[in-house]
Amino acid sequence: MKQISLLFVAVMMLTLGALARPMPQRLGIGIKDNTSQSIPSLTALYNMNDQFAFFGGFGFDTKKDYSTTQINVGIRHIVFHETNLHFYTGGQFAIVNLEDPINGKQNGFEVNALLGAEFFFAGLENIGFSFEGGIGLSSYKETRVRTIGDHPLKAGILFYF
C-alpha cells in the first residue's frame, strides 16, 4: 500500500503541468536566503518588462552577541522563456553586518553572479519558485570566492501581484 501511495504521488507530480506566465510590470514579494551567512530576507522583485527584473531584500537576526543584518539589491535578465520556466542570468550585491564574541562586529559585502530559473505550477500561477547557481565573492574579515547552488527554499519563493 505504501508503494502504491508513493507511485500515485509521483505520477501526480509528473502530470502537473507547469506554466510560465508573462511577467511584465508585476511585483513579487516573498523570501530569499542566498547570502553566504544564510540570513533569510524579505524580498521584493519587480519585472520591468519581459527581459529585466530588479530585486531587493532585507534580513536580520538580533541574537545577543551573534547579530546579523544584510541588505541586498540585484538584477535579473531573462535569457529565454520556456513553456515551464523563465531562465535568467543576474547579479546581486549585498552589504552584510555580522557580530560574534570572538571577532566583534564586522562589516562586509558580497557580489554574486547568478544563473537561475523560476517556475510556476498550474493553478498556482502567482507563486514563483526559483533556483540559482553561480559564483560569489564575499569580503568580511577576509575575502573568499565560493560557488553558489541554491534550491527553491533558499533562492526564492515569491507571490506575484
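The values are calculated or read from the model by the stated rules, or taken from the named source; none is laboratory data. These numbers were taken from a predicted model, which means no experiment stands behind them. We place every Cβ from the backbone using ideal geometry, glycine too, and count neighbours over all the protein chains shown.
When the residues of the range 109-161 are filtered to those that are of a type in the set (Val, Ile, Thr) and in contact (Cβ under 8 Å) with a residue 60 or more places away in the chain, the one that is surrounded by the most Cβ atoms within 10 Å (Cβ to Cβ) is ILE148.
The number of residues in the range 53-76 that are β-branched (Val, Ile, Thr) and in contact (Cβ under 8 Å) with a residue 24 or more places away in the chain comes to 3.
Quick check: anything in the range 59-67 within 15 Å of the chain's Cα centre (by Cα) and under 20 Å from LEU137 (Cα atoms)? Within the range 59-67 (the criterion being within 15 Å of the chain's Cα centre (by Cα) and under 20 Å from LEU137 (Cα atoms)), the answer is yes, since at least one residue qualifies.
Number of residues in the range 100-158 that are among the aliphatic types (A, V, I, L, M), assigned to a strand (DSSP E or B), modelled with pLDDT under 85 and under 17 Å from the mean Cα position of the chain (by Cα): the value is 0. Among the residues of the range 32-55, those that are crowded, with 17+ Cβ neighbours inside 10 Å and part of a strand (DSSP E or B) comprise LYS32, SER41, THR43, LEU45, ASN47, ALA53, PHE55. Of the residues THR62, THR15, THR89, the single one that is polar (S, T, N, Q), exposed (fewer than 14 other Cβ atoms within 10 Å of the Cβ) and either in contact with a His (Cβ under 7 Å, 6 or more places away or on another chain) or at pLDDT 90 or above (or both) is THR62.
The rows are residues; the columns are (1) closer than 19 Å to TYR160 by Cβ; (2) in contact with a strand residue (DSSP E or B) (Cβ under 9 Å, 6 or more places away or on another chain).
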{"residue": "LEU45", "(1), (2)": "yes, yes"}
{"residue": "MET48", "(1), (2)": "yes, yes"}
{"residue": "GLN51", "(1), (2)": "yes, yes"}
{"residue": "THR68", "(1), (2)": "no, yes"}
{"residue": "GLY104", "(1), (2)": "no, no"}
{"residue": "GLY116", "(1), (2)": "yes, yes"}
{"residue": "PHE121", "(1), (2)": "yes, yes"}
